[in-house]
Amino acid sequence: MSKVAVLLANGCEEIEAVTIIDVLRRGGVEVVAAALEGDSARGSHDIRIGADAKLDDLSVDELDAVVLPGGLPGAEKLRDDNRVKKLLQALAGKQKLVAAICAAPIALDAAGVIDGRRATSYPGHELPDAEYSHERVVEDEFLVTSRAPGTALEFSLALVRRLVGHEKATELRHEMLVRL
């Protein structure tokens, strides 16, 4: 079973965080919702999301992927946190899955893991070091990025496909009546 850390910063986009955690768990992925501070994160729309662990408790060697929900100022907190940069660089260095949605790809850019790769983000948060795309979900080797809360299901299903397989992602898509 794959193990994935979903990083929760205060100011994250709740739809993205909860959708990612939920869909990955439905897919049979072990998800650790890890807070940057304390035992929870308060989202950008003032919804509290409980964490399973703290960022400092994560072990790079135990993870198969790390996923960053967007939202502001959450994405900026992810971008500016040196622990997040180190985690992203370590996983990317091992060609493990690194993913971000909405404004959060700015953290990937700051960590230097998208240099020259195809990527996308929320409009207005373009990535100067990436080959920027306006597609809803963009995959480039170990990197997966997406655009906004409205693409959270597509993004999450792409992660399930990468971590568990096409069959499971298709099954979930049908069960949840997701049109792609």
Straight-line reach check, Lys168, cutoff 18 Å on alpha carbons, 8 or more apart in-chain or any other chain, hits among lysines -> Lys3
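Compute the projected area of the convex hull of the Cα atoms of the stretch 3-175, averaged over all viewing directions, and report it in nm² to one decimal place. Provide the component values of the computation, followed by the final result.
Numbers: hull surface 34.2 nm².
Here the figure is 8.5 nm², rounded to one decimal.
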The stretch 3-175: relative contact order from alpha carbon pairs under 8 Å, six or more residues apart, as a whole percent, is 21 percent
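Stokes-Einstein D for the stretch 2-83 at 25 °C, 0.890 mPa s, Kirkwood Rh over Cα pairs, in µm²/s?
On the way: Rh = 12.3 Å.
So the translational diffusion coefficient is about 199 µm²/s.
Quick one: which of 147-154, 172-179 comes out on top by average Cβ neighbours within 10 Å, and what's the full order, highest first?
Details: 147-154: 20.2, 172-179: 12.0.
My ranking of the peptides, most packed first, is 147-154, 172-179.
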Listed with the fewest Cβ neighbours within 10 Å leading, Tyr122, Tyr132 appear as Tyr132, Tyr122
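Pop the C-beta distance of Glu171 and Arg136 into the FRET formula with R0 = 25 Å and round what comes out to the nearest 0.05. Write out the running numbers ahead of the final one.
Numbers: r = 21 Å, r/R0 = 0.84.
Here the calculated transfer efficiency is 0.75.
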In debye to the nearest 20, the charge dipole size for the stretch 51-170, taken about the Cα centre with +1 at each Lys and Arg Cβ and -1 at each Asp and Glu Cβ, equals 120 debye
From fewest to most C-beta neighbours within 10 Å, the residues Thr19, Thr170 line up as Thr170, Thr19
Looks like the stretch 91-180, by Cα gyration tensor root eigenvalues a ≥ b ≥ c and the a/c under 1.5 rounded cutoff (else prolate when a/b is bigger than b/c, oblate otherwise), is oblate
antiparallel share of DSSP beta bridges within the chain, to nearest 5, in %, is 25 percent
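Laboratory data are not the source of any read-out in this text; all were calculated from the coordinates shown. Since the model is a prediction, treat every value here as computed from it, not as a measurement. Here Cβ is always computed from backbone atoms with ideal geometry, including for glycine, and neighbour counts include all displayed protein chains.
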